[in-house]
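Single-structure report; data block below.
The values are calculated or read from the model by the stated rules, or taken from the named source; none is laboratory data. Everything numeric here is computed off the predicted structure, so don't read it as measured data. Note that we place each Cβ from the backbone using ideal geometry, even for glycine, and neighbour counts take in every protein chain shown. All accessible areas refer to the heavy atoms of the entire protein, side chains included, with ligands and DNA or RNA removed. Shrake-Rupley method; radii C 1.70, N 1.55, O 1.52, S 1.80 Å.
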Amino acid sequence: EAQVTQNPRYLITVTGKKLTVTCSQNMNHEYMSWYRQDPGLGLRQIYYSMNVEVTDKGDVPEGYKVSRKEKRNFPLILESPSPNQTSLYFCASSLSSSGDTDTQYFGPGTRLTVL
Amino acid sequence: SQKIEQNSEALNIQEGKTATLTCNYTNYSPAYLQWYRQDPGRGPVFLLLIRENEKEKRKERLKVTFDTTLKQSLFHITASQPADSATYLCARSSGTYKYIFGTGTRLKVLA
């Protein structure tokens, strides 16, 4: 089954404790992206990757890191989480990022709470 | 800055009627607009994409229009059903790798 998976689905942590949220897709997609969703603010893009070893900042990259060492995986790293990073996070992928093939497939989401 | 605006107020309509949701964009002309459906606590699911040179796109009971003069896209669900109740998101893409989403409009179809 074609899908985007995220782990963990739920996470409660404390300020400053490094964490990684994993994202994996089995569709051989080139493009992957991370979003956070907050009430009243909608989905905002954190980072994206056009292909292996190629990443760039979205609209809200501060406090996050990403890497793309393999095509299927795109982990999101919070080196020192803070309470304002409490949010619902989504990973997404698409075949490419242009034309009709930039339809994004989203993962199920990771609800992160930073105390 | 580039913005996508959707009516943040919930839309309640009676079953069987046509729901119409609005997406307005400012400060640029996107090459494409996409519409997604999102159920509570779940990831968005793609519904339709419309190019700037297309006036209208249809898929079953769904119809999307794109008016570059008004800088607006309309999303219609005809013969709406309670199962159509969800939040609908509009997003722009322009082949530049970045995406901008609207905040979404929550639709509730009353039986």
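Per-structure values
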| item | result |
| --- | --- |
| Residues being in a strand (DSSP E or B) and at pLDDT below 95 - total across the stretch B:91-107 | 5 |
| Count of the stretch B:1-56 residues which are surrounded by fewer than 18 Cβ atoms within 10 Å (Cβ to Cβ), in contact with a Gly (Cβ under 8 Å, 6 or more places away or on another chain) and of a type in the set (Gly, Ala, Ser) | 3 |
| Residue satisfying condition, being part of a loop (DSSP other than H, G, I, E, B) and at the interface with chain B (Cβ under 9 Å from one of its Cβ atoms), within set A:PRO108, A:PRO81 | A:PRO108 |
| Test for A:TYR89: is it aromatic (Phe, Trp, Tyr), assigned to a strand (DSSP E or B) and open to solvent by 10 Å² or more (accessible area, probe 1.4 Å) | no |
| Within the stretch B:73-90, considering residues that are among the hydroxyl-bearing types (Ser, Thr, Tyr) and assigned to a strand (DSSP E or B), the one most open to solvent (accessible area, probe 1.4 Å) | B:THR87 |
| Failed condition for B:LYS57, given (1) closer than 27 Å to A:ILE46 by Cα; (2) within 14 Å of chain A (Cβ to nearest Cβ) | (1) |
| Verdict on B:LYS108 being open to solvent by 60 Å² or more (accessible area, probe 1.4 Å), facing chain A (nearest Cβ under 10 Å) and either within 27 Å of A:THR110 (Cα to Cα) or in contact (Cβ under 8 Å) with a residue 60 or more places away in the chain (or both) | no |
| Residues (assigned to a loop (DSSP other than H, G, I, E, B), away from chain B (no Cβ under 14 Å) and open to solvent by 80 Å² or more (accessible area, probe 1.4 Å)) located in the stretch A:39-78 | A:GLU53, A:GLU62, A:LYS69, A:GLU70, A:ARG72 |
| B:TYR32 being in contact (Cβ under 8 Å) with a residue 12 or more places away in the chain, within 14 Å of chain A (Cβ to nearest Cβ), aromatic (Phe, Trp, Tyr) and in contact with a Phe, Trp or Tyr (Cβ under 6 Å, 6 or more places away or on another chain) | no |
| Check on A:ARG36, of a type in the set (Lys, Arg), in a strand (DSSP E or B), surrounded by 17 or more Cβ atoms within 10 Å (Cβ to Cβ) and modelled with pLDDT of 95 or more | yes |
